[in-house]
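Every number here is computed from the coordinates shown, using simple stated rules; none is lab data. This one's a predicted model, so the numbers in the text were calculated from it and none came from an experiment. Backbone-built Cβ (ideal geometry, glycine too); neighbour counts: all protein chains shown.
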Amino acid sequence: MRRTSWLLVSSSLLAFPAFAQSDEAAEAANAPVDSTPSVPTSGQDYTPDFFARFSPNSALDMVRQIPGFTIQQGDDRRGLGQGGDNVLINGERVSGKSNDAITTLGRISASNVTRIEVRDGASLDIPGLSGQVVNIIAETSGISGNFSWNPQFRSRITNPRLTNGEISVSGTQGAFDYTLSLSNTDNSFRGGGEGLELVTDPTGQVIATHDEIATFSGDAPVLSGTFRYDGPGSSVGNLNLSYGRRYFRGSEDSVRTGQGLPDRTRFFRDREDEWNFEISGDFEFALGPGRLKLIGLRSFERSPFRTSLITDFVDATPSIGDLFERQLDEGEWIGRAEYGWAMGGEWQVAVEGALNTLDVQSDLFALDTAGVFQPVALPNSNSRVEEERAEVNITYGRPITDNLALQASLGGEYSTIMQSGTNGLTRSFYRPKGFVSLAWSASETLDIRLRVEREVGQLNFSDFVASTNLGTNSQDAGNPNLVPPQSWNYEIEATQQLGAFGSITARLYYEQISDIVDQIPLSPTAEAPGNIDSAKRYGLEWNSTFNFDPLGWRGGRLDVEFTLQRSRVRDPLTGENRPISNDMQRDIEIELRHDVPGTEWAWGLEYEDYQEANGYRLTQINDYRNASAFVGAYIEHKDVFGLRVRGGVYNLLDRDENFTRTFFVDRRDGPIAFIEDRSREFGPIFSFQVSGSF
């Protein structure tokens, strides 16, 4: 975090208390709700009264206001194993894989939430959870629903985003609870920018200019249904169904001069039209001294891509160009059984089997002098990759003392990766995995958590197969020798409650990684994602909430969330230490919000800053960076004919998107050939949100 930014924000806040106190008595008399957050009366249990001043429509609105808490999603976890989202619904994990915590919380009406509990994962009898976990206690009665519409308008180039929104309906019919929804929120965006790219030689002399305009858009509508069955006795079943589409369109027009070529215009086009589905479910029932839970999942995704790059010259030079087409078919089957019982603590034995597949069909074409695309050989571009995996683990948890809890797991996985086509291989691996975690309640206001874990990472099967990126003029040869990365993960996390002032949660972590996947040379002229023997990553996560009510500024609140991270790996080409390619280094989000007492109005300021490490390829280094932070302001009314309406203006500092790419002669360990440096402006963004419940 920039210390100067923090001091400026803090100083500006100190000017408000006197103003807030001036009409305190009148505001208190007219206040529709008590603006002072009440401190949870039973540990960290939050009742709906705590969230009243925010007028939440959904459980997601409520969870986002819990001091010092962040929703953690296990998007990259292997299979349906331990870990995953740090959200429970009525004491149970969120069922399914595409049905993530944020999606599920957004479909639970706030009126159905009776309380929200914040607990330490190691103190629960649910294996794999660690750190802070929220448990949403909700009851469904009758029919209720939520909806939101989130249009966005940009001042330059980009078409308005008008299709971002969601509607969901929940209800109960006998022993069944159900939720039906239609959403287009994730991956629904409009973006773009314009600016000049300068090409310089190693001495800094400009040798070419590119005047560029780029636009990008995406939509991902999803129709889904979740069904819960309270069966006979204590048995419980869940069924999740979803069908989705994903549309992406990208374009870049570039007017170019220099570099020994006639003046020209380059046209880049990129598109994807994906469809996908998921069917998953589970059934849990009493068996012997414990309970057995059976889980199954089937998912499929078909993703056809088409990318073209054509350059037209102002003189009689024939146009040049390339066309790359690829279809990816990804499938997943998972079966899992968990049996848990109590005997001197909480025990669970879990067995899981999975099959993951990827079928790739790729074609590359080049434009001939007649303007017709002709096929070009692209070795190792068509293939099928499969991974068969089986894992077993046993987990034990119990309180050691009144304020210290232990949870430990030991297991392993056996997998076989098979690839057909050119250079196809079949290989088998055994990987041990497990963890030990401790949760210590050091005092009534301080909780400390320790965790050590052996983790097995997930491979991207597309890395096994050759591909080309026309936009960046780069090609990966495909690597059939990839192996899953493994890591030893160490972390310590502490939560300090500050009473009426709020709370602070801080986490220190260190990862010792084996077989990290990064870009590696395969030959003097070929490269691909591959394994590097070892790497390390370490960082600090911080999440704090500070309420200004005790200082006299009623309704004022400051939320600060950031991650500072560093990594190190030995470069396989130069032998020098460097960060992991494109690894996140800084991610900061700050929000100052004021719910004005005595009114339904609120306003706020938001600050975001992100930085990642350079990307390293065989012949180039890529550097993405932002010229300044992303800053916005919003105003909100919580009751416009029963709706919550928010309007905001973002990119107030007129941040640009900057990108520098350094090309080398032959390879990156040689001299620099030339440098491309661009800056694209996208101007202010106007965002609106209309949401409600019924």
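Over the chain, how many pairs of lysines fall under 23 Å by alpha carbon, counting only those 8 or more apart in sequence or from different chains?
Lysine pairs meeting both conditions in the chain amount to 4.
Stretched out straight at 0.36 nm per residue, the stretch from residue 369 to residue 512 would grow longer than its current Cα-Cα span by 46.2 nm. A Förster distance of 30 Å, applied to the separation of the beta-carbon atoms of residue 317 and residue 376, puts the FRET efficiency at 0.90.
Inter-label distance, residue 582 to residue 329: 2.7 nm, where each label sits 7 Å from its Cα along the C-beta direction.
Note on residue 652 and residue 115: the model spin-label points, each 7 Å out from Cα along the C-beta direction, lie 3.9 nm apart.
Once the Cβ-Cβ distance of residue 172 and residue 351 is raised to the sixth power relative to R0 = 35 Å, the FRET efficiency obtained is 0.55. Its relative contact order, with pairs defined as Cα atoms under 8 Å and 6+ residues apart, puts the chain at 11 percent. Segment 242-271 and segment 458-477 have Cα centres lying 18 Å from one another. Helix-only arithmetic for the chain: the sum of -39500 (n - 2.57) across DSSP H runs with n ≥ 4, divided by the residue total, places the mean residue ellipticity at 222 nm at -1500 deg cm²/dmol.
Computed from Cα atoms, the angle from the helix 3-13 axis to the main principal axis of the chain rounds to 40 degrees. Take the Cβ atoms of residue 628 and residue 216, set R0 to 22 Å, and the FRET efficiency comes out at 0.55. A simple spin-label model places the labels of residue 286 and residue 446 4.4 nm from each other, with each point 7 Å out along Cα-to-Cβ.
Would you mind pulling out the separation of the Cα centroids of segment 578-650 and segment 388-450, in Å? For segment 578-650 versus segment 388-450, the Cα centre distance is 34 Å.
Just to confirm a number: summing +1 for Lys and Arg and -1 for Asp and Glu over residues other than residue 381 whose beta-carbon lies under 9 angstrom from that of residue 381, what do you get?
Around residue 381, the charge tally is 0.
Distance from the C-alpha centroid of segment 492-557 to that of segment 137-167: 29 Å, rounded to the whole angstrom.
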